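The values are calculated or read from the model by the stated rules, or taken from the named source; none is laboratory data. For clarity, every value in this text was computed on a predicted model and none was experimentally measured. No Cβ is skipped: glycine too gets one built from the backbone with ideal geometry, and neighbour counts run over all protein chains shown.
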Amino acid sequence: MPELKFTDYFKNYPDKEGHFGPYGGRFVGETLMGAIYELEEAYEQYRNDPQFIAEIDKDLADFVGRPSPVYFADNWTRKLGGAQIYLKREDLNHTGAHKVNNTIGQALLAKRMGKTRIIAETGAGQHGVASATVAARLGLECVVYMGAEDVQRQAQNVYRMKLLGAEVVPVQSGAKTLKDALNEALRDWVTNVDNTFYIIGTVAGPHPYPAMVRDFQSVIGREAKNQMLSATGKLPDALVACIGGGSNAIGMFYPFIEDESVAMYGVEGAGHGIETGQHSAPLSAGTPGVLHGNRTYLIQNKAGQITATHSISAGLDYPGVGPEHAWLKDIGRANYVSATDDEALEAFHELTRTEGIIPALETSHALAYVKKLAPTMSPDQTILVNVSGRGDKDMHTVASMAGLNF
Amino acid sequence: MSRISECFANLKADGQTALIPYVTAGDPERWVTVPLLHALVDAGADIIELGVPFSDPMCDGPVIQKACERALNNEVTLQHVLDMVAQFRDKNKTTPIVLMGYDNPMEAMGYAKFAEKAAEAGVDGVLTVDSPPEESSELRQALDKYDIDSIYLVAPTTSVERIQRIASFAKGFIYYVSIKGVTGAAALDVAEVREKLALLRHYTDLPLGVGFGIRDGQSAAAVAEIADAVVIGSTLVRCIEEHEKRPEALPAAVAGLLAEMRYAINARNLASA
Ligand SMILES: Cc1ncc(COP(=O)(O)O)c(C=O)c1O
C-alpha cells in the first residue's frame with residue numbers, strides 16, 4: 001500500500017467548487033444559487049480581513065469566554081487505566097456548547113452583508129439558543145426552525161430562545177426532527193432571500209457552509225494544540241469528538257489534519273444499535289447521496305429516500321454528516337466509530353461522578369468511545385476529547401430514563 | 001428533434017401556448033397516476049411534468065410536500081415512476097413527459113442506469129431541482145446519450161452571467177421560476193415575469209416555460225401571453241389532496257380543473273390574435 005500523505009491537505013480541500021473529493025458541492029434550487037455565491041464572495045472577502053478577525057476574536061474572548069480550558073481528567077484517567085485523558089471544555093462557553101463559536105462568526109458576517117434577519121435550524125436547541133443569543137446582541141430579527149418532536153424533547157431550550165426574543169417555529173413535516181427543520185429553514189431562505197442570512201449550525205449545507213463553519217469552529221483545535229503542547233510538551237496521540245453534523249469534531253480535528261501522528265476518532269450515535277437500523281450513524285452504516293445542498297454519506301434506503309434516524313441525543317439525530325468527514329473517512333485520515341444510547345448514558349454518569357462535570361448527551365457519545373480507547377493505550381500517551389457541551393439541557397431526558405419527571 | 005422540441009414547434013405554428021400540468025407520481029394511490037395522465041392529455045395538456053417523490057423536498061411548499069408524503073406512504077420508487085411512464089406510453093406516443101424531482105433517487109439508481117431506463121420507458125426530459133448545471137454534468141452526459149433533454153430552472157435571482165451559462169446547457173425548454181419562494185407559495189407578478197422573460201430571450205432560443213405561482217385561469221392566461229408554456233402544479237395537487245379518499249373521481253376532477261385553464265388560455269389567445 002502506498003504511504004498516504006496528508007501534507008497538502010489544507011491547500012487542496014475543498015476545491016473552488018466546494019468539493020471534498022466526490023463530496024460537498026452546491027446542490028440547491030436555482031433561487032438560492034445567487035445567495036450562496038453572494039455569501040461565498042462575502043466570506044472570501046472578510047475571512048482574511050484583520051478588522052473582521054479582530055471583531056470575532058474580541059467577541060470570542062469577552063462574550064463567549066475563550067479560550068476554553070483544557071482540563072486533565074486525573075480521576076477518570078486512573079479509573080480507565082491507560083492513556084491520559086484531557087478534556088477540551090467547550091461546555092464552559094457562554095450558552096453551554098461549541099455552537100456559539102460559529103454563530104458569532106456568521107452573525108457578524110450577516111451584519112457586514114447588510115442582512116437584517118437571521119434564520120437557523122436546531123435539533124437539541126443549542127444552535128438555536130446560540131443564534132438567538134447573538135441575534136439579541138446584534139439587534140437582528142431571528143427565526144428558529146425546530147422539529148415539533150424536538151420542541152417536545154428540548155422544552156427548556158425553546159423557552160430560552162423565546163426569552164432571547166427569537167421566534168421558534170415547530171416543524172410538522174416529515175419526521176419532525178432536525179432534518180425537517182433544515183428543509184424548512186431552506187424554504188424560508190428561498191422565500192426571503194433578499195434580507196435573510198441563514199446561519200447553518202453545522203458543517204453541512206451547500207458550499208461555502210461546510211468550509212466556513214469549519215473555519216469558525218477551528219478555534220477549538222487551534223487553542224487545544226497550543227494548550228496540549230504546553231501541558232504535555234507534545235501533540236496528543238488521539239482526538240475524540242462526537243458527530244452530529246460534525247462541526248465540533250471538524251473544529252477540533254482540522255488544525256491537526258496534517259500532523260499525521262495524531263489519530264482522530266469521530267463518534268456517531270448508534271442509537272439502539274447499528275444492527276437494529278435505529279441509529280444516526282451515516283459514516284458507519286450509510287451510503288453516499290445528496291441531501292441539504294451537498295453530497296455525503298446518508299442514512300437512506302435503496303430507492304434513495306432518507307429514512308428515519310434515532311439517537312437519545314437530539315443533536316446527533318441527523319441522517320447526514322458534513323462532507324469533509326465523508327472525505328476524511330474515504331482517505332483514511334480519520335476513523336469513524338459509534339456509541340449506543342446506553343453506552344452514552346453510562347459515560348454521562350461516569351464523567352459526572354468521577355470528575356464533577358455533567359456533559360451533554362451528544363458529548364457523552366465521544367466519552368463512551370474514550371472508555372473503550374483509553375485502556376488500549378499506554379499511560380504515556382494522551383487523548384484529547386472535545387466536551388462539546390454541558391448537560392443542563394438534558395436533565396429531563398436523563399431523569400426520565402431513571403423514571404423521574406420534573 | 002426531441003418530442004419536446006417537436007411539441008413546441010407545432011404549438012408555435014398554431015400560435016398556441018403549451019399547457020404543462022404537474023402531478024406527483026403515485027399520489028394518492030399508485031394506480032391513479034396513469035389514468036390521470038391520460039385524462040390530463042384529454043383536457044388539454046401538451047406536456048406532462050411527472051413528480052418523482054422524495055422524502056426531503058426542500059424546494060416545495062406544503063402542498064407538494066404532502067403529495068410526496070402520500071406517494072411515499074405507497075412506497076413509490078423511481079422504478080415505479082418509470083413503470084408508470086412506460087404504461088402511459090402504451091397508449092400515448094406523442095405527449096412529452098418530463099420527470100421532475102430531486103437528485104438523490106436518481107443517484108441511488110445510478111445516473112447511467114436511470115438514463116437508460118428512462119429512455120426505454122419513454123421519458124423525454126428530466127428536471128432535477130436541487131442539481132444546478134454546476135453539479136449535474138454527469139447526469140447530463142448520461143441523459144444526452146439517450147437524447148433526453150436536461151431541463152434547467154432560471155429564477156428571479158439568477159444573474160445574467162448565470163443565465164448565459166444555464167442557456168448553454170439547457171435543452172427542450174427553460175423553466176422560469178416566477179417567484180422567490182417554494183412551489184405554491186405566492187401569486188406571481190406578471191409585469192416582473194414579462195421583463196425577465198424578455199431578458200432571457202436575449203440569451204436563448206429555447207421555449208420559455210413559467211411556473212410556481214400560477215393558480216387560476218386568469219393568471220394562466222396572463223402568463224400565456226408572454227411565455228411559451230404555462231406550468232400548473234400546486235393548484236392541481238391541492239385538488240388531488242381533496243380527492244384523497246375518493247381516488248376514482250380524481251382523474252375527472254383534476255382534468256376538469258386543467259380544462260378550465262386551457263379554456264382561459266385559449267380564450268385569451270383568440271382575443272389577442
Ligand atoms: C453539545 C452538542 N454537541 C454536539 C452536537 C452535534 O453537532 P456537531 O456534530 O455539528 O458538533 C450538538 C448539536 O446540537 C450539541 O448541542
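All but one of (1) away from the ligand (no atom under 15 Å from the Cβ); (2) away from chain B (no Cβ under 14 Å); (3) at positive phi hold for residue A:271, so report the exception by its number.
(1)
Output the helices (runs of 4 or more DSSP H) that fall wholly within the stretch B:1-90 and possess 1 or more residues being under 30 Å from residue B:270 (Cα atoms), touching an Asp or Glu at 6+ places or on another chain (Cβ under 7 Å) and β-branched (Val, Ile, Thr), or say none.
Numbers: elements: B:3-13, B:33-42, B:62-73.
Here the list reads B:3-13.
Restricting the search to the stretch A:1-48, which residues are farther than 23 Å from residue A:112 by Cα, in contact with a Ser or Thr (Cβ under 7 Å, 6 or more places away or on another chain) and at the interface with another protein chain (Cβ under 8 Å from one of its Cβ atoms)?
If the condition is that a residue be farther than 23 Å from residue A:112 by Cα, in contact with a Ser or Thr (Cβ under 7 Å, 6 or more places away or on another chain) and at the interface with another protein chain (Cβ under 8 Å from one of its Cβ atoms), then A:27, A:30 are the ones that fit.
Determine if the stretch A:131-146 includes at least one residue that is within 16 Å of the ligand (Cβ to nearest atom) and either surrounded by fewer than 24 Cβ atoms within 10 Å (Cβ to Cβ) or over 19 Å from the mean Cα position of the chain (by Cα) (or both).
Looking for residues that are within 16 Å of the ligand (Cβ to nearest atom) and either surrounded by fewer than 24 Cβ atoms within 10 Å (Cβ to Cβ) or over 19 Å from the mean Cα position of the chain (by Cα) (or both), one finds none in the stretch A:131-146, hence no.
Filter the stretch A:282-298 down to the residues that are within 11 Å of another protein chain (Cβ to nearest Cβ) and without any contact (Cβ under 8 Å) to a residue 40 or more places away in the chain, then identify the one that is surrounded by the fewest Cβ atoms within 10 Å (Cβ to Cβ).
Looking at the filtered set, the residue picked out is A:287.
Name every residue in the stretch A:182-210 that is within 14 Å of the ligand (Cβ to nearest atom) and either surrounded by fewer than 24 Cβ atoms within 10 Å (Cβ to Cβ) or under 14 Å from residue A:292 (Cβ atoms) (or both), in order of residue number.
As a first pass, look at the stretch A:182-210 and keep what is within 14 Å of the ligand (Cβ to nearest atom): A:182, A:199-205, A:209-210.
The answer is A:182, A:200, A:201, A:202, A:203, A:204, A:205, A:209, A:210.
Going by what's in this entry, would residue A:347 be described as more than 13 Å from the ligand (Cβ to nearest atom), small (Gly, Ala, Ser) and more than 29 Å from residue B:132 (Cβ to Cβ)? Before you say what the answer is, go through the steps one by one.
On the way: more than 13 Å from the ligand (Cβ to nearest atom): yes; small (Gly, Ala, Ser): yes; more than 29 Å from residue B:132 (Cβ to Cβ): yes.
Yes: the conditions hold for residue A:347.
Collect the residues in the stretch A:195-216 that are assigned to a helix (DSSP H, G or I) and closer than 10 Å to residue A:39 by Cβ, keeping them in residue-number order.
Keep residues of the stretch A:195-216 that are assigned to a helix (DSSP H, G or I), which gives A:209-216.
Passing the criteria: A:209, A:212.
Of the residues that sit in the stretch B:155-181 and are under 19 Å from residue A:188 (Cα atoms) and at the interface with chain A (Cβ under 8 Å from one of its Cβ atoms), which one is surrounded by the most Cβ atoms within 10 Å (Cβ to Cβ)? It would help to see each step written out before you state the result.
Residues of the stretch B:155-181 that are under 19 Å from residue A:188 (Cα atoms), as a first pass: B:155-158, B:177-181.
Filter again for at the interface with chain A (Cβ under 8 Å from one of its Cβ atoms), leaving B:155-158, B:177, B:180-181.
Working: B:155: 23, B:156: 21, B:157: 19, B:158: 23, B:177: 29, B:180: 20, B:181: 23.
Among them, the one singled out is B:177.
Consider the stretch B:108-138. How many of its residues are within 11 Å of another protein chain (Cβ to nearest Cβ), under 20 Å from the mean Cα position of the chain (by Cα) and either farther than 18 Å from residue B:59 by Cβ or free of Cβ contacts under 8 Å to residues at least 60 places away in the same chain (or both)?
6
Within the stretch B:143-154, restricting attention to residues that are of a type outside the set (Phe, Trp, Tyr) and surrounded by fewer than 19 Cβ atoms within 10 Å (Cβ to Cβ), which residue is farthest from the other protein chains (Cβ to nearest Cβ)? I'd like the intermediate steps shown before the answer.
Kept after step one, since they are of a type outside the set (Phe, Trp, Tyr), are these residues of the stretch B:143-154: B:143-145, B:147-151, B:153-154.
Those left that are additionally surrounded by fewer than 19 Cβ atoms within 10 Å (Cβ to Cβ): B:144-145, B:147.
On the way: B:144: 20, B:145: 21, B:147: 24 Å.
Selected residue: B:147.
Which of (1) modelled with pLDDT of 95 or more; (2) near the ligand (Cβ under 10 Å from one of its atoms); (3) more than 21 Å from residue A:58 (Cβ to Cβ) is the odd one out, the single condition residue A:116 does not satisfy?
(2)
Scan the helices (runs of 4 or more DSSP H) fully inside the stretch A:302-406 and keep the ones with 3 or more residues being under 23 Å from residue A:156 (Cβ atoms).
On the way: elements: A:323-330, A:341-355, A:361-373, A:395-401.
The qualifying helices (runs of 4 or more DSSP H) are A:341-355, A:361-373, A:395-401.
Results for (1) acidic (Asp, Glu); (2) away from the ligand (no atom under 16 Å from the Cβ); (3) surrounded by 18 or more Cβ atoms within 10 Å (Cβ to Cβ), shown as yes or no for each residue.
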site	(1), (2), (3)
A:369	no, no, yes
A:379	no, yes, no
A:382	no, yes, yes
A:391	no, no, yes
A:394	yes, no, yes
A:406	no, yes, no
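For residue B:52, indicate whether it is more than 12 Å from chain A (Cβ to nearest Cβ), in contact with a helix residue (DSSP H, G or I) (Cβ under 6 Å, 6 or more places away or on another chain) and crowded, with 23+ Cβ neighbours inside 10 Å. Break it down stepwise before answering.
Values: more than 12 Å from chain A (Cβ to nearest Cβ): no; in contact with a helix residue (DSSP H, G or I) (Cβ under 6 Å, 6 or more places away or on another chain): yes; crowded, with 23+ Cβ neighbours inside 10 Å: yes.
No, not satisfied.
Which of the residues spanning the stretch A:220-238 are farther than 19 Å from residue A:210 by Cβ and within 16 Å of the ligand (Cβ to nearest atom)? Before the answer, list the steps.
To start, the set of residues in the stretch A:220-238 that are farther than 19 Å from residue A:210 by Cβ comprises A:223-238.
The one that is farther than 19 Å from residue A:210 by Cβ and within 16 Å of the ligand (Cβ to nearest atom): A:224.
Can you tell me which residues in the stretch B:66-106 are buried (at least 24 other Cβ atoms within 10 Å of the Cβ) and within 8 Å of chain A (Cβ to nearest Cβ)?
Passing the criteria: B:78, B:102, B:104, B:105, B:106.
Answer with yes or no whether residue A:318 is within 14 Å of chain B (Cβ to nearest Cβ) and within 14 Å of the ligand (Cβ to nearest atom).
On the way: within 14 Å of chain B (Cβ to nearest Cβ): yes; within 14 Å of the ligand (Cβ to nearest atom): yes.
Criteria met by residue A:318.
For the stretch B:116-142, what are the residues that are part of a helix (DSSP H, G or I) and crowded, with 24+ Cβ neighbours inside 10 Å?
Going through the stretch B:116-142, the residues part of a helix (DSSP H, G or I) turn out to be B:116-121, B:137-142.
Listed by number, the list holds a single entry, B:118.
Return the total of residues in the stretch A:366-406 being of a type outside the set (Ser, Thr, Tyr) and under 17 Å from residue A:228 (Cβ atoms). Steps first, please.
Kept after step one, since they are of a type outside the set (Ser, Thr, Tyr), are these residues of the stretch A:366-406: A:366-368, A:370-375, A:377, A:379-381, A:383-387, A:389-396, A:398-399, A:401-406.
Checking the rest, the ones that are also under 17 Å from residue A:228 (Cβ atoms) come to A:366, A:370, A:373-374, A:377, A:379-381, A:383-387.
Within the stretch A:366-406, residues that are of a type outside the set (Ser, Thr, Tyr) and under 17 Å from residue A:228 (Cβ atoms) number 13.
I'm told residue B:161 meets every condition in (1) in contact (Cβ under 8 Å) with a residue 24 or more places away in the chain; (2) in a helix (DSSP H, G or I) except one. Can you identify the failing condition by its number?
Looking at each condition in turn, residue B:161 falls short on (1).
Can you tell me which of (1) within 14 Å of chain B (Cβ to nearest Cβ); (2) at pLDDT below 95 is the one residue A:182 doesn't meet?
(2)
Can you list residue pairs whose Cβ atoms sit under 6 Å apart, with the first residue in the stretch A:321-338 being of a type in the set (Phe, Trp, Tyr) and the second being outside any helix (DSSP H, G or I) and surrounded by fewer than 24 Cβ atoms within 10 Å (Cβ to Cβ)? Count only pairs 6 or more apart in sequence or on different chains.
Sorted first by the residue in the stretch A:321-338, then by its partner, the pairs are A:327/A:21.
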